[in-house]
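The structure under discussion appears below in the form of structure tokens.
Please treat every number below as a calculation from the coordinates, not as lab data. What you see is a predicted model, and the numbers here were worked out from it, not measured in a lab. Glycine gets a Cβ as well: all are built from the backbone with ideal geometry, and neighbour counts include every protein chain shown.
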Amino acid sequence: MTAESYNQIVSNVLDGYLTRGFFRALGKLSESPKLTAYTVVWHRNRHLLLEIDYESRTITVENLLPRLTLKSPMGRDLIAFLGEFRSRRMPRHRRIDARIGAVHCIEGEGGVSLSLAMRGTNYEAGVRKIVQIAHELFLDFLLNGPYRQYQIDQLGLDPDAMWLG
């Protein structure tokens, strides 16, 4: 397959998420045989950069968790949370299939990015997997962990609009 074919596959997957209301908006920032970049409006109306690097076979959600360091307690918890997706205890449909790739956290200047290093070229499965993992970070890791203040300070959570149980 060509990079153009992969670009079409990725665009179709992302358009499907947009059509179903999973994303609030989707835009293609750039497209080349080596790298395609999208902007996605997602959790709490955040604009996230999604990059597909066909040369290095990586799919990355840039600065998913702003101003986070991996050495912090939350960063260490995040690494442990992601490690659960490789465990056989995780249901198969939620698990990261090693044949698709491996998910990593990358600490950068602005925070932590989530990246999937692809083992092959199944970009449809790769995009679906990184979207699933990012979604679970917001709906499981952040909401069920002791990270309410982080969500208020860094992700724009309105503390008065959130039900507290």
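In table form, for the structure just shown:
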{"read-out": "Ranked by how many other beta carbons lie within 10 Å on average, peptides 36-48, 79-91 from highest", "value": "36-48, 79-91"}
{"read-out": "FRET efficiency, 1/(1 + (r/R0)^6) with R0 35 Å, evaluated for THR19 and HIS104 via beta carbons", "value": "0.75"}
{"read-out": "Charge context of SER113, other residues only, Cβ under 10 angstrom, K/R +1, D/E -1", "value": "-3"}
{"read-out": "The chain, Rg to Rh (Cα coordinates; Rh as Kirkwood inverse mean 1/r)", "value": "0.96"}
{"read-out": "Chain lengthening between LYS34 and GLU55 when straightened (0.36 nm per residue, less Cα-Cα)", "value": "7.0 nm"}
{"read-out": "MRE, 222 nm, helices only [DSSP H, n ≥ 4, -39500 (n - 2.57), over the chain, to nearest 500]", "value": "-9500 deg cm²/dmol"}
{"read-out": "Whole-number percent relative contact order across region 3-145, with pairs defined as alpha carbons under 8 Å at least 6 apart", "value": "19 percent"}
